[in-house]
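Down below is the structure, laid out as structure tokens.
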Amino acid sequence: MTAMKSSSTPGGGAAVAMPPQTTSMSGRKVLLEAQNLKKHFAVGRAGFLGKPAGHVRAVDGVDFTISAGQTIALAGESGCGKTTLGNVLLRLELPTEGALLWEGKDIVTLTKEERQGYRRSVQAVFQDPWSSLDGRMKVQDLVGEPLVINEKQMSRAQVLERVAELMDQVGLQEVHMERFPHEFSGGQRQRIAVARALSLNPKVIILDEPVSALDVSIRAQVMNLLKELQEKYNMAYFMISHNLATARFISDTVAIMYLGRFAEYAESELFFKKPLHPYSQALVSASLPVEFENRRQRIVLQGEVPSPINPPSGCRFRTRCPQVMDICSEIQPELMEVARGHRVACHLYK
Amino acid sequence: MNDKDVILSVRNLQTHLRTRRGVVKAVDGVSFDVRRGETLGIVGESGSGKSMTAFSIVQLLPRVGRVVGGEVIFNGEDLLKKSPREMEKVRGKHVSMVLQDPLTSLNPVFRTGDQIAETIRHHLKDAPDPKGKAVELMRQVRIPAPATAYRYYPHQMSGGMRQRVLGAIGVSCEPEFLIADEPTSALDPTIQAQYLDLLKDLQKQYNLTIIFITHDFGIVATICDTVAVMYAGKIVETGPVRDVFQRPSHPYTEALLKSLPSLEEKPKRLPSISGQPPMPHEMPTGCRFAPRCPYKFDKCEEYPPDTHVSPTHISACWRSVK
Amino acid sequence: MKWYILRRVVQSAFVLIAVTTMIFVLSNFLADPAVILLPEDAQKEDYERLRHDLGLDRPAIVRYGIYMKALATGDLGESIRRVGYKVTDLIWTPLGNSAKLALAAMIFTVCTGLPLGIIAALNRGKPLDYISRIFAVAGLVTPGWWLGIIMIILFSVKLRLLPAAGTGDIKHYILPATVLGTHAMAGLARLARSSMLEILDSEYIKMARAKGLPWRTVVWKHALRNALIPVVTFSGLYFALLITQAITIEVVFAWPGLGRLMFDSLGSQDYVVVQGTIMLAAFIVVMFNLLVDITYGWIDPRIRYT
């Protein structure tokens, strides 16, 4: 029995440690800010009665900001906590510790109206366009549903008009509105999902592996679409991906996550020119290019990701790190700025 | 090609699927050769027929599938002429497979070690110690503490470890030929890197010939010697990987390679391919790619012949026909 | 596995307590047993005396305590019609008879339903599949009592091959067991078919074939054990139901089992006996649930090791 149960005290006691940021370094408006954000889950039962055997530290202290028009790509492998972090951003889970601030306010303590506003402002597009759209609903109802729920003053005709507009924006035609999801290919379904996410003019869209379930020849179309829409509406994207090449194309900031913490957090340009953390380097080298010239050196890591219930002491990556040192088991490295716009949590850079 | 080194020669293979909406020509006249010791990558999107091609070779098609024509010459014998009984002696012993999803490909109610030993017991009747051999194989595929791992059930292992168990089953009877059907697509990037390394080692050790089926062009560029690009049931281009990837001749290959994002640069837009692959029930009569092709012209109404761009590089496009 | 079993046992205990409490509440508060028992011309004093004799004049919570205490020692009370008989004594022989009948029915069910389902699955879309599916549907829609009467007329009255009523040698079992098991046979056949089909389509069956294993090994070793997982659940639960739901069949075949006892006790308004039989039935169902869970853990390592 591995019952996953949200652990208690959702952020309640954790006071906001730092004053919220209002503008980022680049002068853009800060929408979301995570301060030492943690999300733990109780798992399993020790012995007979249900005391949790341990806690999965899915997200274990991350700091970042999301500003208007910005795209953060969060990369890491399964179990690193990227999905949980996405869920916290969608307010599907509340933080265990630390805080997530929405325009300066803790998302835990939002009033009912503010919560509604938050839900409208932060939308999502998920990985699998087959399971994420209800097959019994027509496209116009799928795309219009958020409007019907949130914009009660809108008439049916107004909703349909808006849906038609959205269809056009994502490259579908008005005639498609009367159809059901199964009549569409994967790429078109993902467009429908994007249209649905756009319907309430969100400020942030969480993109959870938005193209990895699509055919290779379709991915570029959808990625281009996402970029166009961002340029048009100045939305912030928070993209979860394990594909670094996709992250490179779409993002301006990259966060590499390992066992609940950021190993590296940097501007994309800097990161891909020179990834610093040994884990990032391995991850980058595992993204296999189709070119034969100037291929990066392949780094094959030993072993597997340890359990997030009992992460290694000190640096969590040390058990697989090719450049491990004595200090790594003793002190947990903090994320430090080693160059402007480039932060890394590794003892190699001191 | 009557190369002595050719271990597998597939000629005009045709596999049909009977579906509610009619017959789907999943594999529609596919021909290729694989030389001993090399790795052929069959690359394509879902529905391109790449997996069906592989399963036709070993005759493990779904219930609705049937090979309706062609030849599969393996070591001089046509596998398609063999009875189901005879094929059982080929599978696992001479041609083995590694499947895509390591969790669902292992039987949940048997110990992983036993699932390896079972193959050895079945094919090598006089093997002295199948259990010991299984433990040895688990060590070889770098499963830590193999004697303990032998007793694990599949659900007690990680995805990477399970995929190694499949690898161990694959080489357990020292086959000459291994078909790997997207073995890494369920794995994380760093675990995929480990697995590809392992596969290369096993290939050296057992002098394996490998068909690697994938949708990932990067994997093909990294581990394959030759490549066959499939689109809508046909091979549109085949040849040495470097030739095909550096000088793609078919517009589909060319457009696809261009559309892939790269780690090295960040273009404003990706050159994308318009439209989508044809539905299996609505195949274009001529070139399958013509509706999406930027170079389309009147000749494309008819299916183009396989044309040699170089002695080893073949493309099915009218633009290559001189 | 140790913790798994212990956890299941304790859960079962809680379920039993809840069920017994519910039975106590239902049989004591929905109707006043004293009113049911007394003749229509009874006087107020008779009523009060009876209530006192039955202990009904004490507070509910005290009665509940006495009742639970008696239950814990396996005491189900005394019959109010057959004076001097303890319910436990009355139940014992019928329980044995019902169990024997249920076992016979179960054997029939498993020996027919399982092969029927598996044959259907292995011959999917072929005539054998359709024939066995028709059998299964027919079994599901035929009411047991009707089938019982028809079979008595056919085999006992017309052909004089089998006895129509009562217990005795193996011949006595054939008719009631067949009739009792038919429903379950049909259900089991359908379940076995669908679970077998699902498994034959699975990746590990493909893998087993890719290993070059002969088809019979693939089916009988790799597929069957997995297909048995839902079948075990079904069988265990159904066995419990067979014992407890045999009222009509036992009446039709004059089988001196629990169903008969309950039927007769209902007729004579012997509420203590009725209550006792229901209690026993509940106990049997819970025990079989427990048994199924444990067997489950034995077949499926995913449950054993968590």
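Bear in mind that the values in this text are calculations on the coordinates, not laboratory data. These numbers come from a predicted model, not from an experiment. Positions of Cβ are generated from backbone atoms using ideal geometry, with glycine treated the same way; all protein chains shown enter the neighbour counts.
Averaging the sequence gap over all C-alpha pairs within less than 8 Å and six or more residues apart, then dividing by the number of residues, gives the range C:90-304 a relative contact order of 28 percent. Short to long, the 10 Å bins of the Cα pair-distance histogram for the range B:47-118 hold 15, 45, 31, 9 percent of all pairs. The simple spin-label model puts a point 7 Å past each Cα toward its Cβ; for C:Arg124 and A:Glu165 those points are separated by 5.0 nm.
Mind putting a number on the dipole of the range A:44-182 about its Cα centre? Charges go on the C-beta only, +1 for Lys and Arg and -1 for Asp and Glu, and I need it in Debye to the nearest 20. Walk me through the numbers on the way to the answer.
Details: 16 positive and 19 negative charges, 107 e Å.
Approximately 520 debye in magnitude.
Helix C:170-200 and the longest principal axis of the C-alpha atoms of chain C enclose an angle of approximately 50°. Could you tell me how many degrees, from 0 to 90 and to the nearest 10, lie between the Cα long axis of helix C:87-122 and the main elongation axis, the longest principal axis, of the Cα atoms of chain C? Approximately 20 degrees, to the nearest 10. Projecting the Cα atoms of C:Ile249, B:Ser9, A:Val222 onto the charge dipole of the protein assembly as shown, computed from C-beta unit charges around the Cα centre, puts B:Ser9 farthest toward the positive end. Dipole of the protein assembly as shown computed with +1 at Lys/Arg Cβ and -1 at Asp/Glu Cβ about the Cα centre; of B:Val27, B:Ala186, A:Gln70, farthest Cα towards the positive end is B:Val27. Along its principal axes, the range A:72-228 has C-alpha extents of 48, 41, 28 angstrom, given from the largest down.
The magnitude of the dipole of chain C, with charges of +1 and -1 set on the Cβ of Lys/Arg and Asp/Glu and taken from the Cα centre, is near 1820 debye.
A simple spin-label model places the labels of B:Glu174 and B:Arg66 4.0 nm from each other, with each point 7 Å out along Cα-to-Cβ.
Assuming a ≥ b ≥ c are the square roots of the Cα gyration tensor eigenvalues, decide whether the range B:266-322 counts as rounded (a/c under 1.5), prolate (otherwise, with a/b larger than b/c) or oblate.
Details: a/c = 2.09, a/b = 1.20, b/c = 1.74.
Since a/c reaches 1.5 but b/c is at least a/b, the shape of the range B:266-322 is classed as oblate.
Is chain B rounded, prolate or oblate when judged by the Cα gyration tensor, a ≥ b ≥ c being the square roots of its eigenvalues, rounded requiring a/c under 1.5 and prolate requiring a/b larger than b/c? Cα axes put chain B in the prolate bin. Listed by Cβ neighbour count within 10 Å, with the fewest neighbours leading, B:Val98, C:Val15 appear as C:Val15, B:Val98.
Identify the residues of the range C:83-99 with backbone N under 16 Å of a label point that sits 7 angstrom from the Cα of C:Ser268 along the Cα-to-Cβ direction, or state none. Hits in the range C:83-99 for C:Ser268 at 16 Å: C:83-95.
Remark: B:Tyr252, A:Tyr233 ranked as A:Tyr233, B:Tyr252, counting other beta-carbon atoms within 10 Å and listing the fewest first.
Using C-alpha pairs under 8 Å with a sequence gap of at least 6, the mean separation divided by the residue count of the range A:252-322 gives a relative contact order of 26 percent. Listed from fewest to most Cβ neighbours within 10 Å, the set C:Ser195, A:Ser155, B:Ser46 follows the order A:Ser155, B:Ser46, C:Ser195.
Using helices alone, what [θ] at 222 nm do you get for the protein assembly as shown, with -39,500 (n - 2.57) per DSSP H run of 4 or more residues, divided over all residues and rounded to the nearest 500?
-13500 deg cm²/dmol
Using the Cβ-Cβ distance between B:Lys299 and B:Ser31 with R0 = 22 Å, the FRET efficiency computed as 1/(1 + (r/R0)^6) comes to roughly 0.50.
Say R0 is 22 Å: what FRET efficiency, to the nearest 0.05, do C:Met22 and C:Leu237 get from their beta-carbon distance?
Working: r = 20 Å, r/R0 = 0.89.
Computed FRET efficiency for C:Met22 and C:Leu237: 0.65.
Site pair C:Leu159 and A:Arg179 shows an inter-label distance of 6.1 nm when each label is modelled 7 Å from Cα along Cα→Cβ. Pairs over the 20 Å Cα-Cα cut-off, from the set B:Lys81/B:Lys200; A:Lys38/A:Lys82; B:Lys50/B:Lys234; B:Lys125/C:Lys211; B:Lys25/B:Lys234: B:Lys81/B:Lys200. Using r as the Cβ-Cβ distance of C:Glu45 and C:Val15, and R0 as 41 Å, what FRET efficiency do you calculate, to the nearest 0.05? The pair C:Glu45/C:Val15 has a calculated efficiency of 0.45. Taking all Cα-Cα distances within the range C:90-304, those exceeding 27 Å account for 41%. Each Cα pair under 8 Å and six or more residues apart adds its sequence gap; the mean of these over the residue count of chain A is a relative contact order of 18 percent.
Compared with the dominant principal axis of the Cα atoms in chain A, helix A:156-169 is inclined by about 60°.
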